[in-house]
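Working notes for the structure below.
Every number in this text was worked out from the coordinates using simple rules, so none of it is lab data. Not measured: the values here are computed from a predicted model. Cβ placement follows ideal geometry from the backbone for every residue including glycine, while neighbour counts extend to all protein chains displayed.
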Amino acid sequence: MYVNILFLTSALLTVGCAVAMLIARNIMHSCIFLLGTLIGIAGLYVTLGADFVAVTQTMVYVGGIVILMLFAVMLTGGKEFVSRAQKLLGLIPAMGNKWSFGIAFLTSFVFVLSQFVLIKNIVKGVEVTKEAKPFVSTVEEIGELLLTDHVLAFELSSVLLLGALIGAAIIARPRKERVAND
Amino acid sequence: MISLVSYLAISLLLFFIGLTLMIARKNIVAILLGIELILNAAALNFVAYSRFAASNIDGHIFSLFVIVIAAAEAAVGLAIVIHYFQLKETIHIDEATELRN
């Protein structure tokens, strides 16, 4: 019962905010709608019984990445690239013209359709369980798996994060130092 | 009532919207937003299959790694965008051809 209500709310929040992201004129609004989408996906994780993933999603995405995106938008001005000449679709899409949106819709539709047919033909042998599994805490199991079966990927991801952090700090450091060094 | 197909439908919609966002927008930050949506759709698929079609929770591990990769990608991508904006004073994707003067 409660799971159904949570699922419906989260699904509506996710898809509605994603559509709003697509048609928002202001890129700042797009970032805020991304926040709603990510919270909705965290709710979907809860309905799937993935408590640890839901909390990680909330902390990393909602608390980290969206804030980073907002910083980037504000530092780069969030300029709109709307050509004022267009009439009909000029109200809806931001930062693109109607041709780019039309071609993008067509391309992604064809791509998704082809992938769908491909996967449907390949994965016919997946057994889907009908009965709902009981909700149990997954934290212990995830911790064990991360340090036994997936330990190589775990360590590699830590190296990747360190590299990304150092790389981001080097790339985005202020230009004044560089001018002074030159 | 809640089946695997409903989760797959949500994930499909998210992927579709993210791909459209990525192709259609001209602002580099908006393209990064589309990439985030696509990564989230993939992670949602992993967890959904882990619940409905598998007896283990390896899908959770995969979605955690997807989150880690997304964090690293967002950090580096936004650093490049900010650096490019400092150099060229624009973030239009069609004009972004070089990263140094």
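Over every Cα atom in the stretch A:1-79, the radius of gyration and the widest Cα-Cα span, Dmax, amount to 13.6, 46 Å. Once you've got the GNM for chain B with C-alpha springs shorter than 10 Å, pick whichever of B:Ser63, B:Ser11, B:Ser55 has the biggest mean-square fluctuation. Of the options given, B:Ser55 has the highest mean-square fluctuation.
Net charge around B:Leu37, counting only other residues with Cβ within less than 15 Å of its Cβ (Lys, Arg = +1; Asp, Glu = -1)? Result for the local shell: -1. So, in Å, what gap is there between the alpha-carbon centers of the stretch B:29-101 and the stretch A:27-69? The stretch B:29-101 and the stretch A:27-69 have Cα centres separated by 13 Å. With q set to 0.11 Å⁻¹, the log10 of I(q)/I(0) for the protein assembly as shown, from the Debye formula over equal scatterers at the Cα positions, is -0.70.
Restricting attention to the protein assembly as shown, the count of lysine pairs at 8 or more positions apart or across chains with alpha carbons under 27 Å apart stands at 14. Helix B:58-88 versus the longest principal axis of chain B: what is the Cα-based angle in degrees, 0 to 90, to the nearest 10? Helix B:58-88 sits roughly 10 degrees off the main axis of chain B. Using alpha carbons only, the radius of gyration of the stretch B:4-95 set against its Kirkwood radius gives Rg/Rh = 1.10. For the stretch B:31-79, the Kirkwood hydrodynamic radius from C-alpha pairs, put into Stokes-Einstein at 10 °C and a viscosity of 1.306 mPa s, yields a diffusion coefficient of 141 µm² per second.
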